[in-house]
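Only one structure is covered here, and it is reproduced in the block below.
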Amino acid sequence: MNEALCIEPGNELMDSPFVKQMIVQLRAVDSYGTYDDWSNEKVLDPLILTKARRREIPVVGDPDEIVVARVKAYYNALSVRIEQECGMMAAPMINLSHEGFGRALIMVGKLIVADKVLRDVHRFGFESLEKLNEEACKIIDKALATIETFKDAAKA
């Protein structure tokens, strides 16, 4: 990823609740303090895979621990936002093979509110900050609707 940052400073989406939580989660997995001096835009930047960036990543490959940590941070951020919205504990569960295939679930009580098949995790990312936020909001909205429909299972 040799090009400049894909997220412009002052982008209004940096203030969206999901993007803020994503930054919190990414900074939380930085156990060596690498991100301490980084701007929020720079912390999020590796998640933005423009067409040019995606071309640089091989089609076949195994995800490294940094990419896996980003995937976990993404689902943790989704879970936190769902929990903040519904007031019930949401927990992510990710099962991932060393080849980058698996599944991510988010549970509230005994209810699975989000279910995503993961493929080619070594290429995990979004075309833009807008797409990242849009996709997350869709998942969160669908999860909240599922919780509303099956409230008893969510409270179990």
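The numbers here are math on the coordinates, done by the rules we state, and not lab data. All of these numbers come straight from a predicted model, not from anything done at the bench. Cβ sites come from the backbone with ideal geometry, for glycine too, and all protein chains shown count toward neighbours.
Straight distance only, please: which lysines reach the Cα of K151 with their own Cα at less than 30 Å, same-chain residues fewer than 8 apart left out?
Qualifying lysines at Cα under 30 Å: K20, K72, K110, K116, K131, K138, K142.
List, in order, the whole-Hz ³J(HN,Hα) value for each residue of the stretch 61-66 obtained from phi through the Karplus relation with A = 6.51, B = -1.76, C = 1.60 and θ = phi - 60°; use x for Gly and Pro.
Running phi through 6.51 cos²θ - 1.76 cosθ + 1.60 with θ = phi - 60° gives x, 9, x, 8, 5, 5 Hz.
Go through the stretch 88-101 residue by residue and turn each phi into a ³J(HN,Hα) via Karplus (6.51, -1.76, 1.60, θ = phi - 60°); whole Hz please, and just put x for glycine and proline.
10, 5, 10, 10, x, 9, 10, 10, 9, 7, 5, 8, x, 10
If you take the charge dipole of the chain about its Cα centre, with +1 on Lys and Arg Cβ and -1 on Asp and Glu Cβ, which of I7, A156, N95 is farthest toward its positive end?
A156
Take the alpha carbon atoms of the stretch 10-41, find their center, do the same for the stretch 76-118, and report the distance between the two centers in whole angstrom.
Answer, in whole Å: 20.
Please report C86, C137 as a ranked list, fewest other C-beta atoms within 10 angstrom at the top and most at the bottom.
C137, C86
To the nearest 500 deg cm²/dmol, what mean residue ellipticity at 222 nm is calculated for the chain from DSSP H runs of n ≥ 4 alone, each contributing -39,500 (n - 2.57), summed and divided by the residues?
Value at 222 nm, helices only, nearest 500: -14000 deg cm²/dmol.
Students often forget the sequence filter, so: which aspartates and glutamates lie under 14 Å Cα-Cα from K42 once same-chain residues fewer than 8 apart are removed?
E3, E8, D30
Tell me, what is a quarter of the convex hull surface for the C-alpha atoms of the stretch 1-82, in nm² with one decimal? Provide the component values of the computation, followed by the final result.
On the way: hull surface 24.3 nm².
About 6.1 nm², averaged over all directions.
With all distinct Cα pairs included, what does the Kirkwood hydrodynamic radius of the stretch 13-155 come out to in Å, to one decimal, could you say?
15.8 Å is the Kirkwood radius here.
For R103, R123, which order do you get if you count the other beta carbons within 10 Å of each Cβ and list the fewest first?
Taking fewest neighbouring Cβ atoms as first place, the list is R103, R123.
Where does each of F124, F101 land when they are ranked from fewest to most other beta-carbon atoms within 10 angstrom? Intermediate values should be presented prior to the final figure.
Details: F124 19, F101 14.
In order of increasing Cβ crowding within 10 Å: F101, F124.
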